[in-house]
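Contents: one structure, followed by commentary.
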Amino acid sequence: MPLYHNDDQAMLADTARGFMAEEGNITKQLRHWRDRNCKDGFGHGLWKQMAEMGFTGMLVGEDDGGLGMGHVEAGIVLEEIGRNLTPSPFLTSSVLAATALKHGSADVKGRYLPGLIAGDSVFAVAIDETAKHRPSRITTRAERSGNGFRLSGSKSFVVYGGSADMIVVAARTSGSDDDDDGITLFAVPKDASGMSHDAVRLVDSSMATHTKFDNVELDGDAVIGEVDGGREVLNAMLLAGRVGAAAEGVGVASGAMDMTVDYLKQRKQFGRLIGEFQALQHRASHLYSEVEIARAVTIKAQQLLDANDGAGSEKAELMVAVAKAKVGRTAGLAVREGVQMHGGIGMTDEYDIGLYMKRDRALQEFLGDANYHTNRVAELNGY
Amino acid sequence: MADLETFRSETRAWLEANCPAEMREPVRDEDDAYWGGRRAKFKNDAQKAWFEACLAKGYTVPAWPQAYGGAGLNPAEAKVLREEMSRINARPPLSSFGIWMLGPALLHFGTEGQKQRFLNEIARGEIRWCQGYSEPGSGSDLVSLQTFGEDKGDSWVVNGQKIWTSYADHADWIFCLVRTDKADKYQGITFMLFDMASIGVSTKPILLISGNSPFCETFFDNVSVPKSYGDDCPAYVGQINRGWDVAKYLLGHEREMISGAGGGDRTAAIGAVMKRAAARTGDELDPVLRAELAMFDVDALAYTAMGEKFLDEIKVGKAHPAQPNMMKYVGTELNKRRHELMMAAGGSRSLEWDSEETGGGKPSRGWLRTKANSIEGGTSEVMLNVIAKRILDLPGA
């Protein structure tokens, strides 16, 4: 398969780009909600519109009411989200949670997917337990209790956990903390008795929670997939979420780069446009090269994942790690160069370039930063 | 597609029958390849047999038309042949700047007479060509070149000096940029073809930091170059004074080649190989080196995807015309980094300059050789200038 968008995908990209630039732009969304100190951190109106566009159910199969599209298509939407810094639960709800629910029973799908697709219910995911991403270690425990389970433990960096209706929780139902086996995924209503959410605003103005589970009673039908067999589902979620985060990162990097290159063509110092200075030209050209490569490896990873129906192959897993690592370093470079080349105004809140820097920082940490994934690449290569 | 599969199975069978085992070993260095030419000698029977089998089939230049010594393969068939050859690690039967550089220029700009003569000579490995571009005062600023051809009616008298002429001391003919109009910088250069045996041509190999001498200084002292070699066969490619067009076309070609677009092991991940190599000498990877190797592997694997995307986009005209400059820049910088890491991983063993165990200092000489990657064919800095100007459209670039 060639590494560029086919006609349908190119059309989707046009639509998504126009829509996000018009409705999801920084003034209408990120600044609007941030300046009102919105505790949800995103606009429900836009989320409804995204549902009407069909975006929310892109990854859900047609039999289940979705569009049956793949990660290339979801990546197209995410790149535009990244470019516009649009706050929305697309990545958590429509990519991560949707991937988990696809592995659920017909009953689970029937219960949750229609609301997710319609944009009526928002899903968050609770995976991390410490400040750094480490999904190999799951200590939150779900003990058998009657026909169901009793959940205890705590999760961190639950993005949009405070405004979500449901939270997909990765918990341990058997074995010890670092075991591969013994993981089970649960769909937990946010307001379940025994749950507490400590909401925190993050550097990029997005909202996340530290969520505690204190003997939360769950029905047996809260289980997504197999009891003790959740690692496979969790891995599928992680692959989908990471390649999605990479696509969003490409958008952040492109947006920051475009804004910076434009600025080089407008700002005058010493009687010349600063874009005439070779010291800046070379840095801009280097950045361009890195962004192109980051985009290429992201499409490669998306295609590999789609070719295998999202189940992951060794090659797909490797390229997803490469993509997340490469995009992480590239987007970091893009926002740092962006702020530096904007000079003093790059430090002001009035200019958008700083918002790119903040968003990049949060996106870096989501599902493993560049260091985590670089280490993964070494491990997957056998060293 | 069925035809292509038939072609694949026929090709596989043909390679099986005709490619000797010795020709399925990697080429160790530039001396290990067969370059053809008047003074060429085969290193062994296997090299001769493989060359002759390919020659009879048109496989020294498989994608060139049959009339010019090729096999007339279409791009899909040529790709199948490349894949099948690489599957068994078959060496190229013939290496030459005629195939890589002059050939593409002649196919694009040449007259029928030039194609008939020169392309067939190249395909048969009869004439070994070298490239006369750079001059002592004209490196990155190539268009400032001074070697001058004085018009004498039916001929030019060429005087001047070239530098970095690859294997000029082994070459039979040269394709050479010569100034023929001093008043017009860009439209005053002619792309000439002439015999290195001409009176007044001399060469002097340059000893490099690698201890090897793949390049020469080439001197022209009143060299007489006829304007024509016969019917429809001028001694210049394209038009007189428009040689810069040909040179630019070829530089684009060269940048694609050097960039290693399309992969090859230059862009592959190396961490695992380094770990195994370390184990053989009783060493293990330092954790900081392991991290650097992993960062390199991320960049190399990502660049491989970029190469694939670049080739896919070129086929359908989606690639930006200046994209080869980006590929060249990143590819050569990566290759330098790769060799730095290989030296670091190899430790004191990699320092050995002529020991048998290192194949005559391959690690250290190879490491030094890569330093030229980001200089030859346009420096990294020039590549960045071109990206700034042609892709980012920055002012004054």
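The values are calculated or read from the model by the stated rules, or taken from the named source; none is laboratory data. What you see is a predicted model, and the numbers here were worked out from it, not measured in a lab. Cβ sites come from the backbone with ideal geometry, for glycine too, and all protein chains shown count toward neighbours.
Side notes on the structure shown:
- Residues in segment B:52-84 that are under 19 Å from the mean Cα position of the chain (by Cα) and in contact (Cβ under 8 Å) with a residue 60 or more places away in the chain were compared, and the one that is nearest to B:Lys41 (Cα to Cα) is B:Thr60.
- Failed criterion for B:Val288 (all others in (1) touching a Ser or Thr at 6+ places or on another chain (Cβ under 9 Å); (2) more than 8 Å from chain A (Cβ to nearest Cβ); (3) hydrophobic (A, V, I, L, M, F, W, C); (4) not in a loop (DSSP other than H, G, I, E, B) hold): (1)
- Just one of the listed residues (B:Glu292, B:Glu352) is surrounded by fewer than 22 Cβ atoms within 10 Å (Cβ to Cβ) and within 30 Å of A:Ala296 (Cβ to Cβ), namely B:Glu292.
- Answer from B:Gly317, B:Gly346, B:Gly378, B:Gly361 - the residue that is away from chain A (no Cβ under 12 Å) and within 23 Å of B:Tyr249 (Cα to Cα): B:Gly378
- Among the residues of this structure, B:Ser213 does not count as one that is at pLDDT below 95, closer than 24 Å to B:Asp245 by Cβ and not β-branched (Val, Ile, Thr).
- Matching residues in segment B:273-285 - criterion: being facing another protein chain (nearest Cβ under 8 Å) and in a helix (DSSP H, G or I): B:Met274, B:Lys275
- Note on segment B:81-103: residues that are among the β-branched types (Val, Ile, Thr) and surrounded by 18 or more Cβ atoms within 10 Å (Cβ to Cβ) amount to 1.
- Of the numbered criteria (1) more than 7 Å from every other protein chain (Cβ to nearest Cβ); (2) touching a Pro at 6+ places or on another chain (Cβ under 8 Å), the one A:Gly275 fails is (1).
- Qualifying residue in segment A:132-153 (condition: in contact (Cβ under 8 Å) with a residue 60 or more places away in the chain, within 19 Å of A:Leu363 (Cβ to Cβ) and not assigned by TED's automatic domain parsing to the domain that holds A:Lys212): no
- Residue tally, condition within 14 Å of another protein chain (Cβ to nearest Cβ) and in contact (Cβ under 8 Å) with a residue 60 or more places away in the chain, over segment A:1-46: 6
- A:Phe270 meets the conditions (1) free of Cβ contacts under 8 Å to residues at least 60 places away in the same chain; (2) of a type in the set (Phe, Trp, Tyr); (3) buried (at least 22 other Cβ atoms within 10 Å of the Cβ) in every case but one. The failed one is (3).
- Summed over segment A:1-27, residues that are assigned to a helix (DSSP H, G or I), more than 16 Å from A:Ala74 (Cα to Cα) and within 21 Å of the chain's Cα centre (by Cα) total 2.
- Residue in segment A:284-295 that is under 17 Å from A:Leu238 (Cα atoms) and either in a loop (DSSP other than H, G, I, E, B) or within 11 Å of another protein chain (Cβ to nearest Cβ) (or both) present: no
- Residue that is surrounded by the most Cβ atoms within 10 Å (Cβ to Cβ), among those in segment A:310-346 that are of a type outside the set (Gly, Ala, Ser), more than 10 Å from every other protein chain (Cβ to nearest Cβ) and within 19 Å of the chain's Cα centre (by Cα): A:Val320
- Verdict on A:Leu280 being crowded, with 18+ Cβ neighbours inside 10 Å, under 10 Å from A:Thr330 (Cα atoms) and within 10 Å of chain B (Cβ to nearest Cβ): no
- One residue from B:Tyr329, B:Tyr303 being hydroxyl-bearing (Ser, Thr, Tyr), within 10 Å of chain A (Cβ to nearest Cβ), in contact with a helix residue (DSSP H, G or I) (Cβ under 7 Å, 6 or more places away or on another chain) and under 15 Å from B:Ala269 (Cβ atoms): B:Tyr303
- For segment B:241-263, the criterion of a residue being modelled with pLDDT of 90 or more and facing chain A (nearest Cβ under 10 Å) is satisfied by no position.
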